[in-house]
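Read-outs: derived from the displayed coordinates by stated rules, not from any lab. Source: prediction; values computed, not measured. Because the Cβ atoms are built from the backbone with ideal geometry, glycine has one as well, and the counts that use them run over all protein chains shown.
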Amino acid sequence: MLTLHSPAKINLFLRILNRREDGYHNLSSLFQAIDLHDVLSLSLSGQDNMTCTDPSLPVDEKNLVMKAIALFRRKTKLPIYATVHLEKHIPHQAGLGGGSSNAATALWGLNLLAGKPVNDETLMAWGAEIGSDVAFFLSKGTAHCTGRGEVIKPLEAFLNNLPITIIKPCEGLSTPQVFRCLDLQKLSPRNPDLLLEKITHHFFENNLINDLEEPAFRLEPKLQELKNKLLNSGYKNVLMSGSGTAFFCLGNEGKITKTEALFIAKTTPVNRINGVWYNCENFAKKSLQKLKTFG
Ligand code: C5P
């Protein structure tokens with residue numbers, strides 16, 4: 001049995017460039033993996049079978065892990081079937097890439113169990129067929145992503161051990177819902193290449209920009225209130241991740257005591273090296289709290 005950590009991600013900036021003919025959007029975004037993680041256990045078996053600690057998630061072919069196994073079998077033409085168990089900690093409808101990470105972890109793990117018939121670049125290309133964010137997790141954990149998110153330019157890790165607090169409110173939003181509400185007239189005028197330059201040199205203030213905040217806040221006005229609360233609590237750098245609804249706060253100046261939140265996690269960036277999957281052991285040692293809603 002192979003047991004792998006499946007990390008979450010944040011988007012340090014996310015600029016939407018345009019809408020494409022295939023319905024997707026071209027974007028430019030700086031992705032970073034963080035040590036908040038799910039745990040995926042995999043073993044080869046006679047047929048595919050999945051269990052999950054979260055009863056609200058499907059465990060049939062709709063689950064991205066099951067899609068990843070079927071895709072790996074189809075692409076390699078190997079008779080590879082797997083029994084998987086997913087211990088879920090990353091909140092969903094959060095913009096933290098949990099499902100995509102699970103799919104990437106399954107692809108990487110299956111490839112290892114199958115004796116590495118393909119390299120990570122091939123896994124990346126296959127992963128992109130499952131979802132736009134899957135390829136990123138097959139990078140080393142820091143990357144500038146373009147296209148619909150699947151064109152990956154790996155970057156050196158630059159955040160080191162910066163504390164990153166994740167706050168997920170009760171409200172959740174689905175990615176297609178947020179993209180449908182996007183008003184192309186309201187996109188940020190900021191040049192994404194300059195944002196990339198600034199942020200990778202640690203100039204965070206005024207450069208953490210996510211074009212999906214505007215439609216998400218319109219769909220769910222409580223998100224703007226939550227962002228304001230986080231800023232007022234002392235955090236200087238606060239941004240919604242991906243299509244939301246989780247926020248990340250850089251540094252640890254903020255005090256969030258009376259924040260309306262379903263989930264709070266203290267995390268740090270995580271990266272991996274060639275041939276080795278992500279190790280998020282540090283996170284397990286830190287506190288993970290689930291707070292009840294209070295208004
Ligand atoms: O690729 P993925 O399945 O994660 O995307 C989910 C949905 O999000 C897509 O069906 C599309 O509506 C939207 N999306 C988009 N542009 C992107 C990524 C996602 O419009 N670059």
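Summary of computed values
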read-out	value
Helix axis angle, 64-76 relative to the chain longest principal axis, alpha carbon, degrees	50
Distant-in-sequence amide H partners of residue 49 (H built 1.01 Å from N, under 5 Å)	82, 83, 84
log₁₀ of I(q)/I(0) at q = 0.09, 0.13, 0.15 Å⁻¹ - the chain, Debye sum with one point per alpha carbon	-0.41, -0.87, -1.17
Theoretical ellipticity at 222 nm over the chain - DSSP helices of four or more residues, -39500 (n - 2.57) apiece, nearest 500	-7500 deg cm²/dmol
Rg over Rh [alpha-carbon atoms, Kirkwood Rh] for the range 219-285	1.05
Distance histogram for the range 162-205 (every C-alpha pair counted, 5 angstrom bins, percent rounded to whole numbers)	5, 14, 13, 16, 20, 25, 8
Calculated P(r) tail over 17 Å for the range 23-131, as whole % of Cα pairs	53
DSSP-loop trypsin sites (Lys or Arg not before Pro) across the range 1-108, with at most 16 other Cβ within 10 angstrom	20, 62, 77
Rounded Å value of the spacing that divides the Cα centres of the range 161-237 and the range 30-65	27
Nonlocal amide H pairs with residue 34, under 5 Å, H built at 1.01 Å	8, 9, 10, 270
Residue-wise HN-Hα coupling along the range 268-273, computed from phi with Karplus coefficients 6.51, -1.76, 1.60 (Hz; x: Gly, Pro)	9, x, 9, 10, 10, 10
Most to least packed among 44-53, 161-170, 146-155 [average Cβ atoms within 10 Å]	161-170, 146-155, 44-53
With Cα atoms, 0 to 90° folded angle of helix 222-232 axis to the chain main axis	70
Cα principal axis extents for the range 72-203, largest first, Å	50, 34, 32
Interchain or long-range residues, amide H under 5 Å from residue 25's placed H	20
Using θ = phi - 60° and Karplus 6.51 cos²θ - 1.76 cosθ + 1.60, couplings along the range 114-128 (whole Hz; Gly, Pro as x)	7, x, 6, x, 10, 8, 4, 5, 5, 4, 4, 5, 5, x, 4
